[in-house]
Amino acid sequence: MVDSAEFNRRGGGFRALSADFIQVLERVLAKGTIKRKVLVKLTSIKNNDLLLQNIDPDETFPTSYQELEAVAKEKMSTGAFGYVQSGAGGEETLVKNESSFSKYAIVPRFLNDVSALDTSIRLFGRTYKTPLMIAPVGMQKIAHEDGDIATAKAAAKFGMPFIQSTVSSYSIEEIAEATGDSPKWFQVYWTSQNDEISFSMVKRAEDAGYEAIVLTVDTVMLGWREEDVRNQYSPLMQGFGKANYETDPVFQSTLPANDFDSVIQAIVDNVYHPQLDWAKVAELKKRTSLPVLLKGILHPEDAKLAVANGIDGIIVSNHGGRQLDGVISSIDALPVIAEAVDGAIPILFDSGIRRGSDIVKAIALGADAVCIGRPFVYGLAAGGQKGVEQVLENLYQEMSVTLSLSGVTNLKDIRELVILD
Ligand SMILES: Cc1cc2nc3c(=O)[nH]c(=O)nc-3n(C[C@H](O)[C@H](O)[C@H](O)COP(=O)(O)O)c2cc1C
């Protein structure tokens with residue numbers, strides 16, 4: 001038994017203690033002096049503390065974002081990992097997205113009863129147990145063979161909305177079939193050659209039971225990504241993002257021939273769509289009965305225009321620093337936009353969320369919910385569906401502990417937290 005004085009002397013926190021303790025136990029077990037049931041007894045202790053529930057001698061999954069990234073690097077090809085990890089240009093924005101969070105500090109309140117925590121949110125008529133959702137990430141098969149299906153199933157397990165990318169590795173219908181009636185949204189990259197292809201995909205999503213449409217506005221062309229040039233790597237050209245196109249009847253009808261090269265050429269022609277403007281957004285709004293969100297809003301005037309144009313929600317995002325480099329970090333853009341929107345429509349947030357306290361800060365600064373990006377992709381690479389589940393679980397648990405230790409018991413009260421800039 002290690003008493004608390006001994007624990008404090010070791011000073012390495014619970015994980016360090018746990019690792020030490022287990023090493024000793026394993027040495028003893030190897031000598032056969034005690035039986036394995038000692039370990040079983042250790043893990044069968046029940047308690048309400050989220051941290052202690054996570055001290056598990058059998059746990060080998062990476063804990064921090066940095067550890068997760070290192071495991072993903074081992075598992076993925078150089079090109080695929082570089083594609084996920086890197087940012088545009090000199091990666092100024094990629095770096096700032098993470099570091100800017102530390103400019104904001106929670107000022108906790110104590111002596112509130114925090115024994116009951118409610119993390120639920122209401123969005124577009126649905127109640128979700130958590131404010132987390134899965135950001136649209138294309139071509140997930142580069143991380144794991146099960147790709148988007150594994151991620152969508154993991155999201156379904158927690159009742160979190162899964163936002164499917166236009167350039168997903170599995171089609172709308174395949175993901176719908178694999179996940180039943182769990183909440184799913186569809187992200188649109190406009191199709192430049194023929195607007196009807198976009199409308200057809202939106203209709204397919206609607207028919208398959210998807211509940212919202214996310215139009216990404218920051219990717220009218222690909223950002224300048226040096227790592228991909230260095231590695232001569234494009235998953236789009238390799239066909240990892242063709243599932244929704246090759247199954248689309250309108251897209252099919254535009255093809256000169258139905259072979260791999262013709263499909264890829266047509267996708268490449270279509271994803272470049274510099275002509276996207278507010279008129280097309282208005283047309284999209286007319287063509288669907290689902291809520292429409294704009295993803296990639298960074299300027300308060302664009303946020304106000306979204307409200308004026310009857311848009312149902314926005315996602316404050318800089319695409320994880322993958323599009324425009326030298327751009328404001330997403331978390332710095334958020335409070336100004338929240339002020340401009342003034343509660344008129346929901347504000348979602350992504351880019352740079354790496355741990356639970358980032359989620360709390362984003363909500364405190366005006367987000368209604370946050371989208372998880374790279375962390376889940378690394379979880380997928382590390383362990384498929386189970387890996388994504390573990391990442392989501394860890395983020396959720398750290399968020400919950402952060403909330404309780406900040407003295408708040410529900411997400412509305414987060415706004416009362418003083419966040420120092
Ligand atoms: C590998 C990868 C692929 C992505 N694909 C898409 C996509 O298809 N559509 C989209 O709107 N955003 C896409 N994004 C951006 C994410 O939706 C999200 O904005 C971003 O990952 C947030 O930044 P973070 O990962 O640093 O948290 C992608 C991001 C990554 C890392």
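Name the residue, out of GLY373, GLY384, that is in contact with a His (Cβ under 7 Å, 6 or more places away or on another chain), closer than 26 Å to PRO62 by Cα and surrounded by fewer than 24 Cβ atoms within 10 Å (Cβ to Cβ).
Testing whether each residue is in contact with a His (Cβ under 7 Å, 6 or more places away or on another chain), closer than 26 Å to PRO62 by Cα and surrounded by fewer than 24 Cβ atoms within 10 Å (Cβ to Cβ) leaves just GLY384.
Give me the pairs: first residue in region 196-221 and surrounded by 21 or more Cβ atoms within 10 Å (Cβ to Cβ), second residue among the acidic types (Asp, Glu) and at pLDDT below 95, beta-carbon distance under 8 Å, and six or more apart or on different chains, which are they?
none
Here are some conditions: (1) surrounded by 17 or more Cβ atoms within 10 Å (Cβ to Cβ); (2) of a type in the set (S, T, N, Q); (3) within 12 Å of ILE197 (Cβ to Cβ). SER253 meets all but one. Which one does it not meet?
So SER253 meets the others, but not (1).
Taking the condition part of a helix (DSSP H, G or I), within 15 Å of the ligand (Cβ to nearest atom), among the β-branched types (Val, Ile, Thr) and under 30 Å from ILE175 (Cβ atoms), does VAL391 pass?
Yes, satisfied.
Assess whether ILE372 counts as being more than 11 Å from the ligand (Cβ to nearest atom) and either at pLDDT below 95 or among the aliphatic types (A, V, I, L, M) (or both).
For ILE372, the condition - more than 11 Å from the ligand (Cβ to nearest atom) and either at pLDDT below 95 or among the aliphatic types (A, V, I, L, M) (or both) - is not met.
ASP218 versus (1) at pLDDT below 95; (2) touching a strand residue (DSSP E or B) at 6+ places or on another chain (Cβ under 6 Å): which is the lone unmet condition?
The number of the failed condition is (1).
List the strands (runs of 3 or more DSSP E) that sit entirely inside region 66-140 and contain at least 1 residues that are within 16 Å of the ligand (Cβ to nearest atom) and closer than 21 Å to GLN390 by Cβ.
Per the criteria, 132-134.
Restricting attention to region 308-316, does a residue exist that is of a type in the set (Gly, Ala, Ser), part of a helix (DSSP H, G or I) and within 30 Å of GLU226 (Cα to Cα)?
There is no residue in region 308-316 that is of a type in the set (Gly, Ala, Ser), part of a helix (DSSP H, G or I) and within 30 Å of GLU226 (Cα to Cα).
Residues SER234, SER192, SER165: which one is within 24 Å of THR288 (Cα to Cα) and more than 21 Å from the chain's Cα centre (by Cα)?
Within the list SER234, SER192, SER165, the selection yields SER192.
Given the criteria more than 16 Å from the ligand (Cβ to nearest atom), of a type outside the set (Phe, Trp, Tyr) and touching a residue at least 24 places away in the same chain (Cβ under 8 Å), does ALA338 qualify?
Criteria met by ALA338.
Could you give me the residue pairs with C-beta distances under 6 Å whose first residue belongs to region 304-329 and is at negative phi, whose second residue is more than 8 Å from the ligand (Cβ to nearest atom) and polar (S, T, N, Q) wherever it lies, and which are 6+ apart or on separate chains?
As it stands, the answer is ASN318/THR93; ASP325/THR93; VAL327/THR93; SER329/SER100, since those pairs meet every condition given.
What do you reckon, is ILE134 under 20 Å from GLU173 (Cα atoms), aliphatic (A, V, I, L, M) and in contact with a helix residue (DSSP H, G or I) (Cβ under 8 Å, 6 or more places away or on another chain)?
For ILE134, the condition - under 20 Å from GLU173 (Cα atoms), aliphatic (A, V, I, L, M) and in contact with a helix residue (DSSP H, G or I) (Cβ under 8 Å, 6 or more places away or on another chain) - is met.
Pairs please, first residue from region 373-396 and in the same structural domain as MET139 (by TED's automatic domain parsing), second anywhere and of a type in the set (S, T, N, Q) and assigned to a loop (DSSP other than H, G, I, E, B), Cβ atoms under 6 Å, 6+ apart in sequence or on different chains.
Partner pairs satisfying both residue conditions: TYR396/THR130.
Here are some residues: ILE337, ILE345. Which one is assigned by TED's automatic domain parsing to the domain that holds SER86, crowded, with 17+ Cβ neighbours inside 10 Å and either part of a loop (DSSP other than H, G, I, E, B) or out of contact with any Pro (no Cβ under 6 Å at 6 or more places or on another chain) (or both)?
Of ILE337, ILE345, the one residue that is assigned by TED's automatic domain parsing to the domain that holds SER86, crowded, with 17+ Cβ neighbours inside 10 Å and either part of a loop (DSSP other than H, G, I, E, B) or out of contact with any Pro (no Cβ under 6 Å at 6 or more places or on another chain) (or both) is ILE345.
Is it fair to say SER357 is part of a helix (DSSP H, G or I), in the same structural domain as THR219 (by TED's automatic domain parsing) and within 16 Å of the ligand (Cβ to nearest atom)?
Against the criterion (part of a helix (DSSP H, G or I), in the same structural domain as THR219 (by TED's automatic domain parsing) and within 16 Å of the ligand (Cβ to nearest atom)), SER357 qualifies.
The values are calculated or read from the model by the stated rules, or taken from the named source; none is laboratory data. Note that this is a predicted model, so its numbers are computed, not measured. Reconstructed Cβ throughout: ideal geometry from the backbone, glycine too, with neighbour counts over all protein chains shown.
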